[in-house]
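Trainee: One structure follows; several queries about it will come next.
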Amino acid sequence: MKRIFCIALAAGLSAAPVFAQDEGLYPEPSAPDASFVRVYAGPTENVSVQRGQSLDQTANGLTEYTEIRPGLVVIRIGPNEYTIEAGASEHYTFVPASTVEESVLLTDAVTNAPGEADLIFYNFTDLDAVDLFVPEAGVVAVSPVGPGQGAGVALRAPLTLGFVARFEGQDIAQAPSVAMRPRTGTSLVITGNAGAYVMRDAPNVYDD
């Protein structure tokens, strides 16, 4: 799910001007139909795709994206091997059954639009529906996100905002300061269970 949301205007906030020389971190694919995939895995797990080199992990448990071609793709997480089917010109996040009830391939809401930053929110908890709230703006940015799912929003950038994860109107975790730049992406991941939850943010990155 993807929404275009001008939080800066809705809240009366001031965003820094976007200049023509602003450059994002999204790489140019090697082919027009190429896609990208990343993996959510434990910090000690070795992750690779299509017999490639091991993928580095970011602070929120997601690996860097790596380029793939449409069709069947093999993902290795530690001793386990998974096969997914990728389409053309997409961004994916693969989540193994060790994190959710069943392994799932999520299609990420990546726009790579000028003057905007992509924000993706993942719910890897035991909660049925979690909202991503922006206290400074008094608005919900992404809602609702079920367990083992993700959803995204494109925000005017550059901008720095704090985010709160909410369940049934109650704050359960927060990321107090998330900086976003034009034509880049940031991912927020909430994890935990039984009332103990943590939300971590990290920029979307790509392998070399």
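Each reported figure results from applying straightforward, stated rules to the coordinates on display, with no laboratory input. All of these numbers come straight from a predicted model, not from anything done at the bench. With ideal geometry, Cβ positions are generated from the backbone for all residues, glycine too; neighbour counts draw on all protein chains shown.
Trainee: When the distances between all Cα atoms of segment 91-199 are binned every 10 Å from zero, what whole-number percent does each bin get?
Mentor: 15, 48, 31, 6, 0
Trainee: Using amide H atoms built 1.01 Å from N in the peptide plane, name the residues 5+ places from T58, or on other chains, whose amide H lies under 5 Å from its own.
Mentor: Counting only residues 5 or more places away or on other chains, the set is T63, E64.
Trainee: Can you give the FRET efficiency for N46 and L105, using 1/(1 + (r/R0)^6), R0 = 22 Å, r = Cβ-Cβ distance, to the nearest 0.05?
Mentor: The pair N46/L105 has a calculated efficiency of 0.65.
Trainee: Follow-up question, since we're still on this one. Can you give the extra length, in nm with one decimal, that the chain gains between Q53 and Y82 once fully stretched, where that is 0.36 nm per residue apart less the Cα-Cα distance? Before the final figure, lay out each step's value.
Mentor: Details: separation 29, 0.36 × 29 = 10.44 nm, distance 1.62 nm.
Gain on stretching Q53 to Y82: 8.8 nm.
Trainee: Just the ratio, please: alpha-carbon radius of gyration of the chain over 2.2 N^0.38 Å, N its number of residues. List each step's numbers first, then the result.
Mentor: Values: Rg = 16.7 Å, N = 208, 2.2 N^0.38 = 16.7 Å.
Compared with the compact-globule rule of thumb, the chain sits at 1.00.
Trainee: In nm, to one decimal, how far is the A129 label point from the L72 one, both placed 7 Å along Cα→Cβ?
Mentor: In this crude spin-label approximation the distance works out to 3.9 nm.
Trainee: Among DSSP beta bridges lying fully in the chain, give the percent that are antiparallel, nearest 5.
Mentor: 75
Trainee: Between A196 and S177, what is 0.36 nm times their sequence separation minus the Cα-Cα distance? Round to one decimal in nm.
Mentor: On the way: separation 19, 0.36 × 19 = 6.84 nm, distance 2.07 nm.
Separation in residues times 0.36 nm, less the Cα-Cα distance, equals 4.8 nm.
Trainee: Just for the Cα atoms in segment 40-143, what are the lengths along the principal axes, largest first, rounded to whole Å?
Mentor: Over segment 40-143, Cα extents along the principal axes are 45, 34, 22 Å.
Trainee: Could you order peptides 77-90, 99-112 by the average number of other Cβ atoms within 10 Å of their residues, highest first?
Mentor: 99-112, 77-90
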